[in-house]
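Novice: Mind having a look at this structure? Questions to follow.
Here, each number is a calculation from the coordinates, and none is a lab measurement. This one's a predicted model, so the numbers in the text were calculated from it and none came from an experiment. In this analysis, Cβ positions are derived from the backbone assuming ideal geometry, glycine residues included, and neighbour counts consider all displayed protein chains.
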Amino acid sequence: MNSWKWIWRLSASLSAAATLALAAGFGYGAREMMFPRSNGMETASPAEAPLAQREPSKDDGSYRIAAIGDSLAKGTGDVTGQGFARRTAALLEPQSDTEKNGKNVHFLNNLGINGMTTQQLLGELEEPGVQYVLKEANLILLSIGANDLFQGGAALQTGTGAPAADSIERVLPEAESRLEQALDKLREINPSADIVYVGLYNPFGDIDALRETGNAGISKWNAAASALIAVRAGMTLTPTFDLFQRDTAAYLSFDHFHPNAAGYERIADRIVQGLR
Amino acid sequence: MNRFWAMVQNEVVKIVKKKRFYIVLLILAVLVPIFSYAQMRQSLERRESYGSDWRLEVQQAITDNQNSLSSDRVPQEWKVYRQIYIQQMQYYLDHDVNPNEPGGVTFTREFIDNSSTLFIPLMIMTIASDLVSSERTGGTIKMLLTRPVRRWKVLLSKVTALLMFVSLIVASAYLICYLISGLFFGFKGWTIPVFTGFVLNGSDVDLSFVQATPQWRYLLMQAGLVWFVGVVVALLAFMVSVLVRSTAASIVVMMAALISGSILTNMASAWTSAKYLFMVNLGLTEYLAGNPAPIQGMTLGFSLAVLAAWAAVSVIISFLVFTRRDVLT
């Protein structure tokens, strides 16, 4: 009988203490939640974020790869989901024993977002998290511009026909100046990284009605990008135009806009050639 | 008054003697290591792909969610959920705070978040569901009612004992979880900041009320909310136990209600009047974490009011039925 008394005393005192603490927690939580206090902070000041003020990573003798930009950077259309970014990393990996003393490869992040335009890229580059990734990397793969010129292949899908020549002409100057801003911003974020810009190809090369206007617009864009990149240190443009010119269908995925696995592999080959 | 506490003591001893509470503790002691181990494997795997840098991981999570926003196959309400998630994660990154700093305290917070709507109520039910019905199945109810005590006092002593055990169960869930997961992840993490006070306007997050709360305070608030849910579930299960003769039936009734709640919260966003059901309101900790409510128009105040109303009604019904019903068998 005595042990029951002890059980009662123990459970009564423990539960009294627990109840008090829990009830206090409940009151505290309910008050905090129902009458939220303003934190008196300016909400939008990412420039002062601790991440944005960090120093770029030190060179540790390895490739630290990050990709940023549109669906090509993301790898849309590649059934394995690797895209040229991860394929580049795989190709850079030391292949045989003789290359064992080659650089290690770390693939950090793929920040590619479907449908991204130069405009959105500029916004993205202000994000502290994005800046952090770019600072950590020493090889930045950039793909941007196709959505400015083609509106994400919308011309094909909606069946409105060719991306009119004059519409490409119209967006070109503005998109170009935004590309310039983006390149400068990238350089400002990370002064030492190698930046590889992946040039555009014409996905409509095998459609007679679209070939010429597409080709004209894209060569203009590539020429402009090439001119911007040529005068900036540590930047290269990897051309892809020729890769998709002859047998377009073989290297494009079902949506007839993005490359397929083989197409991405060819782009990655090119990128690696430029780096070695 | 002393006589009343003697009755409560009697009820508490009865509950302890039935060994249900030990079973609750045992279940916790078995389940928590399993989840801790699973979590540890998961974080090891993540470490392989992202290294030890949580910032890269969080940024990738943001980008992945941004990508799914442009997909037409993703339902609209998931998009809202993801937009909110993106903004919260960006806030963490902006302030350079790891949202998932590994540690026993963080694990406890997440474990309780996940178990507050189903697991902990279930544990409470194991005690509450047979409190009255077992007296009837065992025939001891006649002994109980032939004593010179008013019936409502008998019932009140049972409710008091039950509420004591609700507190004990919630507190021991925290304690066991912290002690065991601490062995896996270390016992640190009490002062890590956690952001609370994300005010949601549709898919937009108002950041002007966000506070950096030390994790121990977060746990305190969370425990309070879980305790409130536990009390409500206990009172409801108690009512069922008064109404239904068989213990098995009363457990099944409550389980069905709880499980239907967790199904409804996943699909009822189109049926807005479902928000008056108690079982979709059990996720109080979601409000604390800044997650969107399952049904539009639900806030913490609303959920508390709905739960309190259900609890009050079930107490009234319990007492009315118990004091008036003829006990024949």
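Novice: Charges at C-beta only: +1 for Lys and Arg, -1 for Asp and Glu. How large is the resulting dipole of the protein assembly as shown about its Cα centre, in Debye rounded to 20? Don't jump to the answer; show the numbers that get you there.
Specialist: Working: 51 positive and 51 negative charges, 987 e Å.
With Lys and Arg at +1 and Asp and Glu at -1, about 4740 debye.
Novice: Loop by DSSP (not H, G, I, E, B), at most 16 other beta-carbon atoms within 10 Å: where is the longest site-free stretch of chain B for chymotrypsin sites (Phe, Trp or Tyr not before Pro)?
Specialist: Segment B:1-186 is the longest.
Novice: To the nearest 0.05, what FRET efficiency results for A:GLN95 and B:ASP204 with a Förster distance of 56 Å applied to their C-beta separation?
Specialist: Working: r = 49 Å, r/R0 = 0.88.
Once rounded, the FRET efficiency stands at 0.70.
Novice: Here's another thing I want to ask about it. Once phi is turned into ³J(HN,Hα) by the Karplus curve 6.51 cos²θ - 1.76 cosθ + 1.60 with θ = phi - 60°, what whole-Hz value does each residue of the stretch A:10-21 show in order, with x for glycine and proline?
Specialist: 4, 5, 5, 6, 4, 6, 5, 5, 4, 4, 4, 5
Novice: Nearest 10 degrees, 0 to 90: what angle lies between the long axis of helix B:247-267 and the longest principal axis of chain B (Cα atoms)?
Specialist: Rounded to the nearest ten degrees, it is 20.
Novice: While we're looking at this one, here's another question. Where q = 0.07 Å⁻¹, what log10 of I(q)/I(0) comes from the Debye formula for the protein assembly as shown, counting one point per Cα?
Specialist: Treating every Cα as an identical point scatterer, log10 I(q)/I(0) equals -0.58.
Novice: What's the FRET efficiency of B:SER273 with B:ALA249 using the Cβ-Cβ distance as r and R₀ = 35 Å, to the nearest 0.05? Each step should come with its number before you reach the end.
Specialist: On the way: r = 28 Å, r/R0 = 0.80.
Calculated value: 0.80.
Novice: Return the subset of A:LYS74/B:LYS188; A:LYS185/A:LYS220; A:LYS103/A:LYS135 for which the Cα-Cα distance in this structure is over 27 Å, preserving the input order.
Specialist: On the way: A:LYS74/B:LYS188 38 Å; A:LYS185/A:LYS220 23 Å; A:LYS103/A:LYS135 19 Å.
Table pairs above 27 Å Cα-Cα are A:LYS74/B:LYS188.
Novice: What number comes out for the charge environment of B:VAL74, summing +1 per Lys or Arg and -1 per Asp or Glu over other residues with Cβ under 15 Å away?
Specialist: Charge balance near B:VAL74 sits at 0.
Novice: Compute the relative contact order of chain B as a whole-number percentage, counting only Cα pairs closer than 8 Å that sit 6 or more residues apart in sequence. Provide the component values of the computation, followed by the final result.
Specialist: Numbers: 375 pairs, mean separation 75.4, N = 329.
It rounds to 23 percent for chain B.
Novice: Using only the Cα atoms of the stretch B:194-243, each taken as one equal point scatterer with no solvent, compute I(q) by the Debye sum, divide by I(0), and report log10 of the ratio at q = 0.14, 0.17, 0.19 Å⁻¹.
Specialist: Debye output, listed in q order: -0.57, -0.68, -0.74.
Novice: Please work out the FRET efficiency for the pair A:ALA230 and A:SER38, using the Cβ-Cβ distance as r and a Förster radius of 51 Å; give the result to the nearest 0.05.
Specialist: Working: r = 51 Å, r/R0 = 1.00.
That pair, A:ALA230 with A:SER38, gives E of 0.50.
Novice: While we're looking at this one, here's another question. Let me have the relative contact order for the stretch B:17-137, percent, based on Cα pairs under 8 Å that are six or more residues apart.
Specialist: Contact order relative to length: 28 percent.
Novice: Among all stretches of chain B without exposed trypsin sites (Lys or Arg not before Pro) (DSSP loop, at most 11 other Cβ atoms within 10 Å), which one is longest? List each step's numbers first, then the result.
Specialist: On the way: sites that count: B:LYS19, B:ARG73, B:ARG150, B:ARG325.
Looking at chain B, B:151-324 is the longest stretch - no exposed trypsin sites (Lys or Arg not before Pro) with at most 11 other Cβ atoms within 10 Å.
Novice: Using a Gaussian network model of chain B whose springs link C-alpha atoms within less than 10 Å, name the residue from B:VAL252, B:VAL194, B:VAL105 with the highest mean-square fluctuation.
Specialist: B:VAL252
Novice: Per the Kirkwood definition applied to all pairs of different Cα atoms, how many angstroms is the hydrodynamic radius of chain A? Please list the in-between numbers first.
Specialist: On the way: mean 1/r = 0.0461 Å⁻¹.
Across chain A, the inverse of the average 1/r is 21.7 Å.
Novice: State, in angstrom, two size descriptors of chain B derived from its alpha carbons: Rg to one decimal place and Dmax to the nearest whole number.
Specialist: 22.3, 71
Novice: Oh, and also: Using the Cβ atoms and a cut-off under 12 Å, what net charge is assigned to the surroundings of B:ALA6, where Lys and Arg are +1 and Asp and Glu are -1?
Specialist: So the environment of B:ALA6 carries a net charge of +3.
Novice: Can I ask one more? Rounded to the nearest 10 degrees, what's the angle between the helix B:215-243 long axis and the longest principal axis of chain B, both from Cα atoms, 0 to 90?
Specialist: For B:215-243 against chain B, the angle is about 40 degrees.
Novice: Looking only at the stretch B:17-41, which residues have a backbone nitrogen under 18 Å from a spot 7 Å from the Cα of A:ALA17 in the C-beta direction?
Specialist: none
Novice: Right, another one. What average count of beta carbons from other chains do you get within 10 Å of the Cβ of residues in A:9-22?
Specialist: Working: counts 1, 1, 10, 6, 0, 5, 11, 2, 3, 13, 9, 1, 8, 14.
Mean inter-chain Cβ contacts per residue within 10 Å come to 6.
Novice: Then there's this: Starting from the 7 Å offset along Cα-to-Cβ, what nm value, one decimal, do you get for the label separation of B:TRP152 and B:LYS18?
Specialist: That separation, rounded to one decimal, is 2.4 nm.
Novice: Report the Cα centroid-to-centroid distance between the stretch B:191-267 and the stretch A:1-23 in angstrom, as an integer.
Specialist: 25 Å
Novice: Pop a pseudo-label 7 angstrom from the Cα along the beta-carbon direction at both B:TYR81 and B:ASN2 and give the gap in nm to one decimal.
Specialist: It works out to 5.8 nm between the two label points.
Novice: Reachable aspartates and glutamates from B:LYS142, Cα under 19 Å, same-chain residues fewer than 8 places away excluded?
Specialist: Cross-link targets: B:GLU11, B:ASP130, B:ASP326.
Novice: Read phi for every residue in the stretch B:125-137 and hand back ³J(HN,Hα) as whole Hz from Karplus 6.51 cos²θ - 1.76 cosθ + 1.60, θ = phi - 60°, with x for Gly and Pro.
Specialist: Once rounded to whole Hz, the list reads 4, 4, 8, 6, 5, 10, 4, 9, 5, 5, 5, 6, 5.
Novice: Cα axis of helix B:2-17 to longest principal axis of chain B: angle in degrees, 0 to 90, nearest 10?
Specialist: 60 degrees
Novice: Across the stretch B:140-151, in residue order, what do the Karplus-derived ³J(HN,Hα) couplings come to in whole Hz, using 6.51 cos²θ - 1.76 cosθ + 1.60 with θ = phi - 60° and x for Gly and Pro?
Specialist: For the stretch B:140-151, the Karplus-derived couplings read 6, 5, 5, 4, 5, 8, 7, 5, x, 10, 5, 5 Hz, x marking Gly and Pro.
Novice: What is the diffusion coefficient of the stretch B:186-290 in µm²/s, taking the Kirkwood radius over Cα pairs and the Stokes-Einstein relation at 37 °C with a viscosity of 0.692 mPa s? Don't skip to the end; give the middle numbers.
Specialist: Working: Rh = 16.3 Å.
After rounding, the answer is 202 µm²/s.
Novice: Counting Lys and Arg as +1 and Asp and Glu as -1, what is the net charge of the other residues whose Cβ lies under 13 Å from the Cβ of B:ILE295?
Specialist: Net of charged neighbours comes to -1.
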